[in-house]
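The structure under discussion appears below in the form of structure tokens.
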Amino acid sequence: MALISPQVWLRTYPVRFHLVDKVPYGERSVLSNIFIRHVAVQQKVNISYEHANPRRGNESFLIRIEEGHRERTPCLLVDAGDGVDTDELLGEDEYLAAILLTHAHLDHYQSLGDAHRDGAPVLTSAGTASILGDVLTEGVEQYGLSNTSDILDRVEAISEWHDILGDTLRVRPVPVGHAPGACGFLIRAAEGDEQVTMLATGDFTGRDAAGYPGFDAEAYAGVDIVFLTAATNEEFEDELTDAISTISERTNAGSRTLCTASGLTGVHLATLLAGIDGELDVHVPVILAGQAAKLYTSLGYDHDAVTTVPEYSATSDCFEHGAVTIAGPEVPVEGSSGRLFDAIADDASASLVQVQGGNTEAATGSDFAGTVSSHRFSNHPSEDFLDEVVETISPTHVVITHQQGRALEQYKSKWDSFAWATGSRGKEVLYRDGVYPAPNWVSDYVERRVRNRSGQLDTSRVDSAVMDALDATPAAHRHDAINLQREGVDVDALRDRLHIRATADATSSATNGAQQVEAADGGSTHVAAGAEPNGSMRTDAATAQPSRTTEEGVEDETPSMPGDADSTDSPAGADSFSVTVDPAVRLLAQQRAAAADTSPAVYTRNAVDAYIADILRGDEPWEDTESEADSVSLDTGPVLEQLLSTAAAEYDSVEAFALEHLRAAVGVNEAEETVPVRDDGSVTDLVNAIAENSDYPLASPSDVVEAALRRELM
């Protein structure tokens, strides 16, 4: 047996020693005078959680990370809604290592000042950090919040992996839509070579929110535990479209319009109205007043259609005929909206549009001489989207938050994951000594079903490059331009309400080197010279390098995807890249995208996501298209066969002649071979890593994308 030094052994096998006795022995060092009885206690990690306010909003929870070698247990508090008491939650041997704040809605920060202790940092996204000063200052006046100055001193904006306890406990914000600046958190706890990855979604949607990207479940294949916000709204997109349409109609009618909404909702609405100006060429001037104006400015928005008035002495400074003034609170009884409401209450031509996110009572026509409407605004996903998230990530544990009472029962056996849907107070263990224990109410059958489920990440064939690409989760940065469809607005319904022609004729114009073309959704849009209507721009690889437009609107160089030496890969917009594929595949993908009322870039990305997800789960999706036929058999008869042979004399075969002419007949343009792929920053590296992995029969990124499209199309 080979001998190794204690130093090497200690580094290799972490243990805890008990000093038993010290025996003098000459002049040797203290260490040599110690007889050691060692207990080889491996540094195991135990993870548990506890609901922090189950009788209130049940959106806040505590995560305990217990390690045998630590005398005190570090704990993470995710959000601090109404009634969170960390002094009651934490034991004498526990401390608050960090607060993870998902977003700046009151029900997630109401107890922040009271819950803060132990000098814990308050970690959040850059967007939320930028507005927290304004939010908490307002909260002191409106809700009596305490300890806000100490909180602001401890706020840290993070955008990448952030070490809380070195490499053993790390967190990273991820995009979740829902509200401007909102984020979820990936949380990783290390156990030697093993690690447990958790995801706290916070409030989330698959839709964008004021340009902030929505939640993409495909990006989190390696997550073991999901803390899932289960607040849902099946009607949000209809409600949002109705509110935006009503505001646009009233402003176009020339009236003074007051829209009352909470601060962040007001910002959200302002960006969507600016998006109407940019996307549908309908000008809706917006005046943001008071708190909403401050938040808009702090978040760094700058839309031509939006004017901000953070402070004002005369209400006339905030109104224009044919413009909408947005102010809070959502019911005009006090604050900015109260003052502005009083100023136009007797104007029969004025309009009041109330956009309400809470359980507030709207003002009625008896209080206002003009037109009054109210609209619900609760930006949460549908139940189907919850199912899709859990089925896509396929975690071992799902902890349900932001639901209470009987509403929790539906989740207990809904998915092939252990669903913790109790809403009760008390510590629940999720990971102990390398095992994910099942809840005690789960039957043996259900436990076997969960442990044998498909859909989990299979690392046996995944190399380090693929794992690194998986680690590059989407960044929580917002898009520069507002896309109404991605935000959840029904653009066709909005057109109908605003009486915009949906079938504009495509016309050409040489003005400024631009051309007007029919948009995919039936409208028209201006595209720069050299651009294609689908949003992609062909770049001559011999004379130009592809570039990607950054958040700040500055173009930086983005290298071509490897393996396509003769390609003309280039970005298909600010959030896309392009690869070359068979022109027939490109044409059919465009047709399918149009039929699905989506863009080619999004259609292709969805196909790529599904293809890569199957690879990561250990499947071999390329087998799905291996039997794909390469030719079509024609019963020509002897006469036609002779004619074809004569016509095909200069071709390698009759089949080659027929194939060329068939492709042309169905509209395949052999020169059009690039397809755009929507990219939020996570898919490019992953496609590259898949192409470079020798275990996969895909030699280039183009091969990956084409294989994904072929499977989707067939």
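The values are calculated or read from the model by the stated rules, or taken from the named source; none is laboratory data. Please read these numbers as outputs of a predicted model, since none were measured by experiment. Here Cβ is always computed from backbone atoms with ideal geometry, including for glycine, and neighbour counts include all displayed protein chains. Side chains are part of the model used for accessible areas, which takes the heavy atoms of the whole protein and leaves out ligands, DNA and RNA. Shrake-Rupley method; radii C 1.70, N 1.55, O 1.52, S 1.80 Å.
For region 158-252, what relative contact order do you get, as a whole percent, if you take Cα pairs closer than 8 Å and at least 6 residues apart? If you can, show how the numbers build up before the last one.
Working: 162 pairs, mean separation 20.0, N = 95.
Reported as a whole number, the value is 21 percent.
Residues with beta-carbon under 9 Å from that of F61, excluding F61: net charge, scoring Lys, Arg +1 and Asp, Glu -1?
Here the charged neighbours net out to -3.
For region 47-134, state which GluC sites (Glu not before Pro) are in a DSSP loop and have at most 15 other beta carbons lying within 10 Å of their beta carbon.
Sparse-neighbourhood loop GluC sites (Glu not before Pro): E71, E92.
Please report, in debye to the nearest 20, how large the charge dipole of region 257-329 is about its Cα centre when each Lys and Arg carries +1 at its beta carbon and each Asp and Glu carries -1 there.
300 debye
Quick one: how many Å² of R497 are accessible to a 1.4 Å probe, rounded to 10?
For R497, the solvent-accessible surface is approximately 80 Å².
Within 10 Å, Cβ to Cβ, of K44, how many net charges do the neighbouring residues add up to if Lys/Arg are +1 and Asp/Glu are -1?
-4
In debye, nearest 20: dipole of region 64-195 around its Cα centre with unit charges on the Cβ of K, R (+) and D, E (-)?
With Lys and Arg at +1 and Asp and Glu at -1, about 440 debye.
Output the relative contact order of region 234-366, whole-number percent, from Cα pairs under 8 angstrom with separation of 6+ residues.
Once divided by the residue count of region 234-366, the mean separation gives 33 percent.
Could you pull out every residue, at least 5 positions away or on a different chain, whose amide H is within less than 5 Å of the one on T401? Hs are placed 1.01 Å off N in the peptide plane, and Pro or chain starts have none.
L228, T229, A230
Mind jotting down the distance between the C-alpha centroids of region 682-710 and region 320-397, whole Å?
The two parts, judged by their Cα centres, are 45 Å apart.
Round to the nearest 10 and report in Å² the accessible area of D490, as given by a 1.4 Å probe over the protein chains' heavy atoms.
Surface accessible to solvent at D490 totals approximately 70 Å².
State, as an integer percentage, the relative contact order of region 107-152 based on alpha-carbon contacts under 8 Å between residues 6 or more apart.
Worked out over region 107-152, it gives 56 percent.
Specify the inter-centroid distance of region 209-229 and region 124-184, based on alpha-carbon positions, in whole Å.
One Cα centre to the other: 18 Å.
Applying a 10 Å radius around every beta-carbon, put 193-206, 299-312 in order of their mean neighbour count, most first.
Sorting 193-206, 299-312 by mean packing, highest first, produces 193-206, 299-312.
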